[in-house]
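See structure below.
The values are calculated or read from the model by the stated rules, or taken from the named source; none is laboratory data. Note that the structure is a prediction, hence the values are computed from the model and not measured. Because the Cβ atoms are built from the backbone with ideal geometry, glycine has one as well, and the counts that use them run over all protein chains shown.
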Amino acid sequence: MICDCCMKIFELRDHFEHSGEPVSHHASTQSFVSSVVAGCPICRAIISELDEPRKLLSDPNVISSTMCSSLDIMKAAESNVQSYYLNFAWQTRGVSRHYRGLLVERYHRIRPYLPDSPLKEKRSWTEQTLRTVKAWMHKCLEQHPKCRLLHDWRTSGLIFQPKRLVDVGCVDSPTWRLILKEDEPIFSTPYATISHRWDTHQQFKLTSSNIQSYTDGQPLDILPRVFQDVFKVTRALGIRYLWADCLCIIQDSLPDWEIESLEMCKIYAGSICNVSITGFEDSSTGFLDKTCNYVPLPCRVRPYWAQNIDEGWCVLDPFFWWSQVTKAPLTRRGWVFQERFLAPRVIHFGPEQVLWECASLDACEAFPRGLPEIVESPRHTGFKRLDFLFKNHFREGHLPEKGQLLSMSEEDLLYQWCEIVQAYTRTSITKPSDKLIALAGVAQLISPSDDTTDVTIPKSYVAGLFKKHLLLMLEWHSDGHMYSLPGPVRSRPPHYRAPSWSWASIDGRVFYDYLPRRIEDDQQWARKSSWEMFLEALNNHMNMPHWPIPSKCLGWRPLVFDMKSSITTATGSPFGQILDGKVELTGLLILAGDIINAFLRNPTLRPILLHMDIHTTPARVEPNVLLLPLRCIQLCDHDDEDPFYWVTALLLEPVGADEPTYRRCGMLSILSTDGVQGLGIELTKSPFAAKYSASTQLESIHLI
């Protein structure tokens, strides 16, 4: 039920709609927390903005007060208001102001997406929820040709059986047992997988000493509650077998872990669905009985300040998928990223409802037929859609023929992998050494042509990058120049994990801002890139010239040559644990300090954008650091078709005194034609060419 403070917002008169001035919401923390605990759907949506809302409930001094303001949203071709946007703001101690938006939407536009019958409170794993999940599963298996095609793409049309599976038994069975592939082949039997957070001291796991007793069978009640609940779900769905890492990988055997960890692609892709305990950070006590009393349906309201329409209005949270799935405790874990990506279907168990993901449908108990368009977001929904594999067929208006395997173009490989890396590096890994292994299954899927069994064949995948686009993929940076970057401070792990030129060599978020894409591609909710924010900041300075913000990339030319990369892994597979790696190339080396000082002397001519791999305050470059230009990029903006030029470059620190060997320590961009020419690069406009002057001396070096 909507609390009194929220209800007063809808009782205000016209001045609230038109003034744009915020009005008081909750006057105190205690009032706000009380409404959250009581189940006010608006207050619960507001609190979901916080990463750790439980801290608010335990610390009454976190929020001082909340405010609300309103904005009309007009339909483009009409003057009638279609939606109202309520913007709530509050101040948290020691943190900048938070904002959370809700929509007031015409009810008739939302009604077709709602369930036919009201959701029961405390419904847990009731018949109502089970019917909904079964309907999603049946529709996907029987009526989603796109999902079938993607399943064939993931599995190459082959049926896969894991080395070990858990037989969960029939519905009323009091026992379960472990099945070994060599003992009981069950090739045509579907199995589910599980995504959950391990306990800090995971006691229940498969080891060399208990494998025999597990194959003999064990009583159900010795299992932790989370597994008892998962068994209940799979049994109810008619799925007899389950794969779980702690029960199907011998945890005290490094060779078994090394083999099975590289089978994740086949294991999760070959499953019928993945049961994900998404909304619970601690799943040791189970999850099925934790569905709270709050029923997350849109709330009917009749605002005095809104148009008087017969069907009325409802309050809708446009960010609910973000709060319940994207930023949920489990989906922020590195291993879960690939489990969610690879599985054909995911059933998310959240604290408020059950949600569904497949390539054709995002749905939840509140919207069982699919999400209304107004709450869909390219950054959060459609995680499993993989539309880039179908773009040619969509243009032709039909899907591929049955049995025709999908293929990925080289362009898709570049953009999709870089997007995957950006999303994956928002997650965290408990064991730093797992950084690349936890994404190996996705890498295998993206590069299906690699033969992982023959170590003599040259591989296209090296340390989290692909050789076909190695130059472009070297242009990652960990400093987003964002106003707020939640997550750990970027650093390097204490032990070697990857060569310095790989994004996997650091802990922290990674960005690919400089890919040669069309910069004018519009994406709703898309963040501004680092260079856009940098140029906007420059343009806001007085006594500075106006720098054009590019609208598109006209082309680029390499400034390094004869690139060769190689890695050595523990297993011989390119996807295995890395022992060492290097890139050999020929390019220009310049003291980075010379370039930075030239900028400091005259920033109006040669602005630079500096990204250090490791966080330091202030950001500084040591005197011995060198600059290695990578690419010269030709750009233009909407107002002026006359091209201008940028250069991207790596910052390198020398290793030893004898060999020309270097480690990467950052990235730098020179954002002006004058600065590019200052490197000794000769430019021609048409045809576009960028080359070093004849007097420039290039060097052959190694990056490690």
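The requirement of being assigned to a loop (DSSP other than H, G, I, E, B) and surrounded by fewer than 22 Cβ atoms within 10 Å (Cβ to Cβ) is fulfilled somewhere in the range 322-331, by at least one residue. Being among the charged types (D, E, K, R) and surrounded by fewer than 18 Cβ atoms within 10 Å (Cβ to Cβ) is the filter; apply it to the range 149-184 and report the residue that is farthest from Gln218 (Cα to Cα). Taking the candidates together, the pick is Asp152. Against the definition (within 20 Å of the chain's Cα centre (by Cα) and either at pLDDT 90 or above or not in a loop (DSSP other than H, G, I, E, B) (or both)), how does Ala526 come out, yes or no? Judged against the criteria, Ala526 is not a match. Scanning the range 112-133 for residues that are touching a residue at least 12 places away in the same chain (Cβ under 8 Å) and closer than 26 Å to Glu373 by Cβ yields Pro112, Tyr113, Leu114, Pro115, Pro118, Leu119, Thr129, Thr132, Val133. In the range 482-492 there is no residue that is in contact with a Gly (Cβ under 6 Å, 6 or more places away or on another chain), assigned by TED's automatic domain parsing to the domain that holds Cys632 and at pLDDT 85 or above.
Conditions (1) modelled with pLDDT of 95 or more; (2) among the aliphatic types (A, V, I, L, M), marked per residue:
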| position | (1), (2) |
| --- | --- |
| Val621 | no, yes |
| Asn624 | no, no |
| Leu628 | yes, yes |
| His638 | no, no |
| Trp646 | no, no |
| Leu671 | no, yes |
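Within the range 335-349, is there a residue that is within 25 Å of Cys68 (Cβ to Cβ) and touching a residue at least 40 places away in the same chain (Cβ under 8 Å)? Looking through the range 335-349, none of the residues is within 25 Å of Cys68 (Cβ to Cβ) and touching a residue at least 40 places away in the same chain (Cβ under 8 Å). Among the residues of the range 186-229, those that are among the hydrophobic types (A, V, I, L, M, F, W, C) and modelled with pLDDT of 95 or more comprise Ala192, Ile194.
Within the range 220-233, the set of residues being crowded, with 21+ Cβ neighbours inside 10 Å and more than 18 Å from Trp198 (Cβ to Cβ) comprises Val233 only. Within the range 669-704, if we keep just the residues that are hydroxyl-bearing (Ser, Thr, Tyr) and within 18 Å of Leu651 (Cα to Cα), the residue that is nearest to the chain's Cα centre (by Cα) turns out to be Ser669.
In the range 672-696, the qualifying residues are those that are part of a loop (DSSP other than H, G, I, E, B) and free of Cβ contacts under 8 Å to residues at least 12 places away in the same chain, and the one that is nearest to Ile590 (Cα to Cα) is Ala694. Scanning the range 329-341 turns up no residue that is closer than 25 Å to Glu105 by Cα and among the acidic types (Asp, Glu). For the range 656-664, the criterion of being acidic (Asp, Glu), more than 24 Å from Glu532 (Cβ to Cβ) and more than 28 Å from the chain's Cα centre (by Cα) is met by at least one residue. Here Tyr84 fits the description: at pLDDT 75 or above, among the hydroxyl-bearing types (Ser, Thr, Tyr), surrounded by 19 or more Cβ atoms within 10 Å (Cβ to Cβ) and outside any helix (DSSP H, G or I). Report whether or not Leu150 is of a type outside the set (Phe, Trp, Tyr), touching a Leu at 6+ places or on another chain (Cβ under 7 Å) and either at pLDDT below 95 or not in a loop (DSSP other than H, G, I, E, B) (or both). Yes; evaluated as a whole, the condition is true for this residue. Residues being surrounded by 22 or more Cβ atoms within 10 Å (Cβ to Cβ) and closer than 15 Å to Leu703 by Cβ: count how many of those fall in the range 649-686. The number of residues fulfilling the criteria is 8.
Taken over the range 94-110, the criterion of being without any contact (Cβ under 8 Å) to a residue 60 or more places away in the chain and either surrounded by 19 or more Cβ atoms within 10 Å (Cβ to Cβ) or not in a strand (DSSP E or B) (or both) is satisfied by Gly94 alone.
The residue that is nearest to the chain's Cα centre (by Cα), counting only those in the range 281-308 that are hydrophobic (A, V, I, L, M, F, W, C), more than 19 Å from Pro115 (Cα to Cα) and modelled with pLDDT of 85 or more, is Phe287. Name the residue that is surrounded by the fewest Cβ atoms within 10 Å (Cβ to Cβ), counting only residues in the range 268-311 that are of a type in the set (Phe, Trp, Tyr) and part of a loop (DSSP other than H, G, I, E, B). In this case the residue turns out to be Tyr304. Residues in the range 427-479 that are among the acidic types (Asp, Glu) and within 20 Å of the chain's Cα centre (by Cα) were compared, and the one that is modelled with the highest pLDDT is Glu475.
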